[in-house]
2 protein chains.
Amino acid sequence: MVSLKGAEVSAKIQTEVERQLEELGGYVPTLAIVRVGEKPDDLSYERGALSRMKKYGLGAVSYAYPQDISMEEFREEFRRINEDEEVDGILLLKPLPPQLDEKEIERMIDPVKDLDGISPENIARVFSGDETGFAPCTAEAVVRILKGYGVSMEGKRAVIVGRSPVVGRPLAMLFLKEHATVTVCHTRTRELERVCREAEILVAAAGNPRMIGADHVREGAVAVDVGINVDENGKLCGDMDFEAVAGKASMVTPVPGGVGAVTTSVLAEHLVRAAAMRRA
Amino acid sequence: MVSLKGAEVSAKIQTEVERQLEELGGYVPTLAIVRVGEKPDDLSYERGALSRMKKYGLGAVSYAYPQDISMEEFREEFRRINEDEEVDGILLLKPLPPQLDEKEIERMIDPVKDLDGISPENIARVFSGDETGFAPCTAEAVVRILKGYGVSMEGKRAVIVGRSPVVGRPLAMLFLKEHATVTVCHTRTRELERVCREAEILVAAAGNPRMIGADHVREGAVAVDVGINVDENGKLCGDMDFEAVAGKASMVTPVPGGVGAVTTSVLAEHLVRAAAMRRA
């Protein structure tokens, strides 16, 4: 059983980012991270993104707003960041608190700066298989980790557990682009174990701690765990029971250290691409 | 074996359209059909749409342009239609000839008038399961025909053959919204027959005459044929071999008279909805 290490894939992405940075002739792209409130998940992702950008020689600025900011104020702040010539890309930490109209912000964000693919324009491009669009970083990280380990998706049965607009659905589109036969499962799926056992590539993106066990895994399958959960003992865990899955799969991503370790590298790559597009 | 007749579903939609029309208090919504060139498929669809609108008491105008119209001219013409206060909804017959930038028109079309869901805004809404968006009429017609015959999709295995941005992909999203477990197959799918036999609901949308036969069908499955092809004898046929499929399926849509007969009814319904949105 091979453990699919995010760090190794990230190292390859770093090399690519550095090459693309050179083409920018000394220009240092800047990421704006926009956060409302102080959710631990957001703070943790923000820290990871900031340190990744620093490591890759990229700029990053955090914009943090109080949990109770009004839509009027937030719209104005977001507009300023969106129009700021110094900002090459934006990462909006979601979900936003209920008083803020997330849909309006998604429609407002400049598609060229929309690194995590939340704008209609980028969603439509990913949907149509148009590579000029930005896909959500986590969904793209899954494809990158597979490619990084030489796992071809063409003609393979790929089963995704989870139908969220942030991971499951865009990943289905990315897998179709890679010519996989794609199945999307969710809470209403009957005989989930049986459906999952059809998978040559099984992806768990359900946000449900250790829900995927040995009975869900076909012998020799490649298992990718997108889940980041905290279990009853306060320990970080994925949507897969790693030990159980590792007993049957040929390759498994650990949590932490798997998909999560690639996501911010994809973000960095998107940032450099966004800067190149804006300066073209 | 039940033959799923589009006309019966269309009749139900007509009743609903007439009810919604009444709410508009005498206002007659107008559809603009935009066609470039004289492709037989386009002409045939246009005739069908015109007669459907007439039958439902709705207005319709055809705008036809020569095959060699320049992008500059077409952009100007399209802009005029798009901004015309008398036009409530637009149907653009695609694909456009190569000198025209289809993507630009898709981005230009007012999402509120975009009855066939080609704008990024509507694609993004369908992708996210947001019902305020317009889905492509053919994809929605599949769901309507199933609902019209009381076929629940919840928890069912739905297999779609074809991954086009016009039918396969949006239908996958609509099926997810109906809580089906969705699989999308295509030309690179291995063991297509076996995958198709997993389907409780099998949809063919590949544009390949009679490619789906008895070996693709699970006993008792519901089979929906989106294909409209002309065979070597000049006869209209679907992507399914009707006789072969009918021998195993519990329900099958005929071609013609199945999905195609519902598509323009869905278009009519979208038109009335568009008019209601614009006048709200």
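The values are calculated or read from the model by the stated rules, or taken from the named source; none is laboratory data. Just so we're clear, the structure is a prediction, and the values are computed from it rather than from any experiment. Cβ sites come from the backbone with ideal geometry, for glycine too, and all protein chains shown count toward neighbours. Just the protein is used for accessible areas: all its heavy atoms, side chains included, with ligands, DNA and RNA removed. Shrake-Rupley method; radii C 1.70, N 1.55, O 1.52, S 1.80 Å.
In table form, for the structure just shown:
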{"read-out": "Every residue from region A:116-129 that is more than 8 Å from chain B (Cβ to nearest Cβ) and of a type in the set (Asp, Glu)", "value": "A:Asp116"}
{"read-out": "So A:Val61, is it open to solvent by 20 Å² or more (accessible area, probe 1.4 Å), out of contact with any helix residue (DSSP H, G or I) (no Cβ under 7 Å at 6 or more places or on another chain), part of a strand (DSSP E or B) and modelled with pLDDT of 95 or more", "value": "yes"}
{"read-out": "Qualifying residue in region A:131-140 (condition: hydrophobic (A, V, I, L, M, F, W, C), at the interface with another protein chain (Cβ under 10 Å from one of its Cβ atoms), closer than 26 Å to B:Lys156 by Cβ and under 15 Å from the mean Cα position of the chain (by Cα))", "value": "no"}
{"read-out": "Residue tally, condition in contact with a Phe, Trp or Tyr (Cβ under 6 Å, 6 or more places away or on another chain) and farther than 13 Å from A:Ala135 by Cβ, over region A:162-202", "value": "1"}
{"read-out": "Tally of residues being within 15 Å of A:Val224 (Cβ to Cβ), within 7 Å of chain B (Cβ to nearest Cβ) and not aliphatic (A, V, I, L, M) across region A:153-190", "value": "2"}
{"read-out": "Qualifying strands (runs of 3 or more DSSP E) (wholly inside region A:165-280; at least 2 residues being within 24 Å of A:Gly48 (Cα to Cα), in contact with a strand residue (DSSP E or B) (Cβ under 9 Å, 6 or more places away or on another chain) and not small (Gly, Ala, Ser))", "value": "A:222-225"}
{"read-out": "Some residue of region B:96-115 being open to solvent by 10 Å² or more (accessible area, probe 1.4 Å), assigned to a helix (DSSP H, G or I), away from chain A (no Cβ under 14 Å) and touching a helix residue (DSSP H, G or I) at 6+ places or on another chain (Cβ under 8 Å)", "value": "no"}
{"read-out": "Residue that is surrounded by 21 or more Cβ atoms within 10 Å (Cβ to Cβ), more than 12 Å from chain B (Cβ to nearest Cβ) and charged (D, E, K, R), where the choices are A:Asp225, A:Asp231", "value": "A:Asp225"}
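Condition check ((1) open to solvent by less than 60 Å² (accessible area, probe 1.4 Å); (2) free of Cβ contacts under 8 Å to residues at least 60 places away in the same chain; (3) over 18 Å from A:Ala139 (Cβ atoms)) across all residues:
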position: A:Glu193; (1), (2), (3): no, yes, yes
position: A:Ala221; (1), (2), (3): yes, yes, yes
position: A:Lys235; (1), (2), (3): no, yes, yes
position: A:Gly238; (1), (2), (3): yes, yes, no
position: A:Val245; (1), (2), (3): yes, yes, yes
position: A:Gly257; (1), (2), (3): yes, no, yes
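A quick yes/no check of all residues on (1) surrounded by fewer than 17 Cβ atoms within 10 Å (Cβ to Cβ); (2) of a type outside the set (Gly, Ala, Ser); (3) at negative phi; (4) in a strand (DSSP E or B):
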residue	(1), (2), (3), (4)
A:Leu21	no, yes, yes, no
A:Val28	yes, yes, yes, no
A:Ala32	no, no, yes, yes
A:Tyr45	no, yes, yes, no
A:Arg52	no, yes, yes, no
A:Glu73	yes, yes, yes, no
A:Glu76	yes, yes, yes, no
